[in-house]
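Below is one structure, written out as structure tokens; the observations come after it.
What follows draws every value from the coordinates through simple rules; no lab data is involved. If you're wondering where the values come from, they're calculated on a predicted model, not measured in any experiment. Note that we place each Cβ from the backbone using ideal geometry, even for glycine, and neighbour counts take in every protein chain shown.
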Amino acid sequence: MQQEYTISLFTEDHIGILSRITLILTRRQINIESITASESAVSGIQMLTMVVSTTPDMVNKVARQIEKLVDVIKVFVHTNQEIISQEIALYKVTTRGLMSGSMIGDLVRLHHARILEVTPEYIVVEKNGSKEEITGLLAFLEPCGVLQFVRSGRIAITRQVKELNAYLKEMDDAERTRHVPSEVYN
Amino acid sequence: MKEEIKTAAEQEKTGLEPEISGAEALLRCLVEEGVDTIFGYPGGAIMPVYDKLLDYSDRLRHILTRHEQGAAHAAQAYAMVTGRPGVCFATSGPGATNLVTGIANAFLDSVPVVFITAQVTSGLIGTDAFQETDILGISMPVTKWNAQVKKAEDIPDAIARAFYIARSGRPGPVLVDISKDAQFAGLSYSYRNCTYIRSYNPVIQLQMRDIESAAVMINHAEKPLILAGHGVILSGASEELRALAEKGGIPVAATLLGLPAFPNNHRLFAGMLGMHGNYAPNILTNQADLIIAIGMRFDDRVTGNLKKYAPDARIIHIEIDKAEINKNVRVDLEINNDAREVLAALIPLVRQISREKWIREFRILDRVEYEKVISPETEPDEGEIRMGEVVKAVSDLTEGNAVIATDVGQHQMAVARYYRFSEKSTLVTSGGMGTMGFGLPASLGAASGNPGRPVIAFIGDGGFQMTVQELGTIMQYQIPVKIILLNNSFLGMVRQWQQMFFNGRYASTEMVNPDFMALAGAYGIQAHRVTQRGELRDAIVTMLAAEGPYLLETVISREANILPMVEPGASVSDVTLTYR
Ligand SMILES: Cc1ncc(C[n+]2csc(CCOP(=O)(O)OP(=O)(O)O)c2C)c(N)n1
Ligand SMILES: [Mg+2]
């Protein structure tokens, strides 16, 4: 059975790494439903958050293949229950439409949205929340005339406690104390 | 990458040498990595490197092949016989794209090859300049790692990484693309071997708990079977494999690339697995209660129908590449580590057992296969010459100790089935990709890396003509390969499938062939043609005794089939001995 997974991964900030990752997903015909890339809390290390729908078996296979890439540091796979996630969306709607009836009040009270800019022609609204909440607000605003709509990919924080810094330290420690087996290829 | 170079350069500021060119730096790096042979082909963008190569000819031998694909296969074969990464040069554009088949072939068979391609001047990259191709993008899915270098001072670090990545962990091909201006530009040269990359951890801590579990599973099994793959050879674990098998009384079956991992004349050798493998290991895979898979990846040619694969067995998978575990077959115990390390730790925990009853089951089936298939194929006394008897004669005369190269097709399967590989032998063949045209360039690469041992190439008439131009390379460098051309005037393997699965409709598989004797003559290569059984053995003896390169064409049965066979979609235990 297919299910939604959030794949979070940390990579070195090297050219081409995103291509290598998407190649792995493409070969397995897995569509990336959303993707967010940015610098992580550790400088020089990029964080990628991808949302995919696939089977548990397949997500583990591709996660291992991604983690195998030389420039990838660590890959985490999470179901929606294991993370706290947010998306952000901006809506540009006609001022006339939004000013009619109780729209403005409901916008703030029911949808917890913010107003970023007001002009005589349009108003820009911002909303953080789940995919469903953001889509819900879009439906709510539709009657006012939505001029533009843009939403981000997902960002997520895990409920687990072990953090990236701990992994990095582990790797460096392992390197310092490791015992090197003789390679055939040397 | 850049930052590390800066710190390395800063630290060593006092010890720096005067400036040399990027091209020369590349060659010095290769010398530092212990390279002595390069296979390649020049062109505009890589000319600065070739120019410097003249000054380094005392340390670096360059073998000019007749096509970049040939250089790639030769470099791979060189790595397979020497145990050191192969090195291959090509120019930008068509030179680089001609490598792709060779890179992919090395990738699927986990062989370390460092490919160096030249790129157009950095200012022109991305503009569709003359002979510019995006070789980084093209090679991405078939390299373990690749990188582009546009500054001379980045060359040493890139080369150091390339070698480290190629040979560590699960080995594989890497590619470094160097712009022409970086080859010309100067740098203050210093070299440091790469031994650590933060994001890459090829050495894994051994978990004794897993080893203990494996030992318990082995000690309690009644019908254990070892499946040995290329990984056993790559990790140098042949001795450990033998010790484990002998102590535990466990039969050893091998994949195509794993054949030389275990002496084929050993009483515990169970034969080759898979589509054209042996009868006993295929059938008994499905009766085993424990499978110990070592350095292999459950390729579909090995497993047949996965739904009916090894239903009664628990599976232990010892494999250095974690992504291969649970990829095709679900396993009960995964041991993600180097085969040699694991086996060395496992052997003391395994009980000394002899499993004569289980071994006897193999012998009974072996006997059936011998009578139905092997004997008619290797000891016929009438009819046309068979591939099997040619291979067996060579096997006997070389006592299983030669370096054997093959191309792809029926003859490849005949070699796998009828050459008795010893631990001293090497098999250089295209496994995962099944690349026709591999055999001839691979044989010259193998012979360049291993001057002492005889190198014998078995090649079909189809595949021979895919890279036949490499006879020119063999002539130029007088590389003493012994080529056995098994000529059935057919693309035999495809013809066999047409006969078996497409109602005998031979669509474009019959070939009108050239006069191979005249062809060899044109290259000044000694040659002989055999059409009669009575002449065969003497002809092989003469070939083996000859100095220098030699072509022996054997005209063989046109429409013989390779059997047994696990038909596509069938279970391994439904292996058929006869063609219906
Ligand atoms: C580059 C390439 N093209 C096509 C194939 C498909 N193929 C596999 S075996 C084979 C026939 C090989 O014929 P030959 O070299 O004469 O060997 P034989 O099977 O007759 O021994 C072909 C066409 C392939 N493996 N590689
Ligand atoms: Mg043929």
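The C-alpha atoms of chain A define a longest principal axis, and helix A:131-141 lies at about 20 degrees to it.
Could you grab the relative contact order for chain B? Cα pairs under 8 Å, six or more apart, rounded to a whole percent. Write down the numbers at each step before the final one.
On the way: 1310 pairs, mean separation 77.9, N = 580.
Once divided by the residue count of chain B, the mean separation gives 13 percent.
Of the peptides B:532-544, B:323-335, the order by per-residue mean of other Cβ atoms within 10 Å, starting with the highest, comes out as B:323-335, B:532-544.
With an 8 Å Cα cut-off and a minimum separation of 6 or more residues, compute the relative contact order for the range B:494-580 in percent. All intermediate terms of the calculation are to be shown ahead of the outcome.
Numbers: 72 pairs, mean separation 20.2, N = 87.
Relative contact order here is 23 percent.
Among beta bridges from DSSP that stay inside the protein assembly as shown, the antiparallel ones total about 45%. For peptide A:63-71, the mean count of partner chain Cβ atoms within 10 Å of a residue's Cβ comes to 6. Could you compute the FRET efficiency for residue B:54 and residue B:349, with r as their C-beta to C-beta distance and R0 at 56 Å, rounded to 0.05? The pair residue B:54/residue B:349 has a calculated efficiency of 0.45. Sites listed here are GluC sites (Glu not before Pro) in the range A:83-125 whose DSSP assignment is loop and whose Cβ has at most 15 other Cβ atoms within 10 Å: A:121.
Taking the average, over residues, of other Cβ atoms within 10 Å as the packing measure, peptides B:451-457, B:414-420 rank B:414-420, B:451-457 from highest down.
I'd like to compare B:443-449, B:258-264: which one has the highest average count of other Cβ atoms within 10 Å, and what's the full order after that?
Numbers: B:443-449: 29.0, B:258-264: 25.3.
Packing order, densest peptide first, comes out as B:443-449, B:258-264.
Electrostatic bookkeeping for residue B:544 treats Lys and Arg as +1 and Asp and Glu as -1; over the other residues with beta carbon under 14 Å from its beta carbon, the sum is -1.
For the range B:197-257 and the range A:100-142, what is the separation of their Cα centres, given in Å? The distance from the Cα centre of the range B:197-257 to that of the range A:100-142 comes to 61 Å. Per residue, the average separation of C-alpha pairs within less than 8 Å and at least 6 apart gives the range B:385-555 a relative contact order of 22 percent. Does chain B classify as rounded, prolate or oblate by the C-alpha gyration tensor (a ≥ b ≥ c root eigenvalues; a/c under 1.5 gives rounded; else a/b over b/c gives prolate, otherwise oblate)? Oblate. Within the range B:213-293, the GluC sites (Glu not before Pro) that combine a DSSP coil assignment with at most 14 other C-beta atoms in a 10 angstrom radius are B:222. Among the trypsin sites (Lys or Arg not before Pro) found in the range B:140-201, those both in a DSSP coil and sparsely packed, with 15 or fewer other Cβ atoms within 10 Å of their Cβ, are B:192, B:198. Helical runs (DSSP H, four residues minimum) scored at -39500 (n - 2.57) apiece and divided by the length of chain B put the mean residue ellipticity at 222 nm at -10500 deg cm²/dmol.
Compared with the dominant Cα axis of chain A, that is its longest principal axis, helix A:56-68 is turned about 60°. Seen against the Cα atoms of chain A and their longest principal axis, helix A:164-177 is set at about 10 degrees.
Beta bridges assigned by DSSP with both partners in the range B:2-188 are antiparallel in approximately 10 percent of cases. By DSSP, the beta bridges lying fully in the range B:220-299 are antiparallel in about 0 percent of cases. Each residue, residue B:130 and residue B:544, gets one label point 7 Å from its Cα in the Cβ direction; the gap between the two is 5.4 nm.
Among residues other than residue B:553 whose Cβ falls under 9 Å from its Cβ, what is the net charge (Lys/Arg +1, Asp/Glu -1)?
On the way: positive: B:529; negative: B:461.
Around residue B:553, the surrounding residues sum to 0.
Other residues lying with their Cβ under 14 Å from the Cβ of residue B:402 contribute a combined charge of +2, Lys and Arg counting +1, Asp and Glu -1. Residue by residue along B:320-331, Cβ atoms of other protein chains within 10 Å of the local Cβ number 3 on average.
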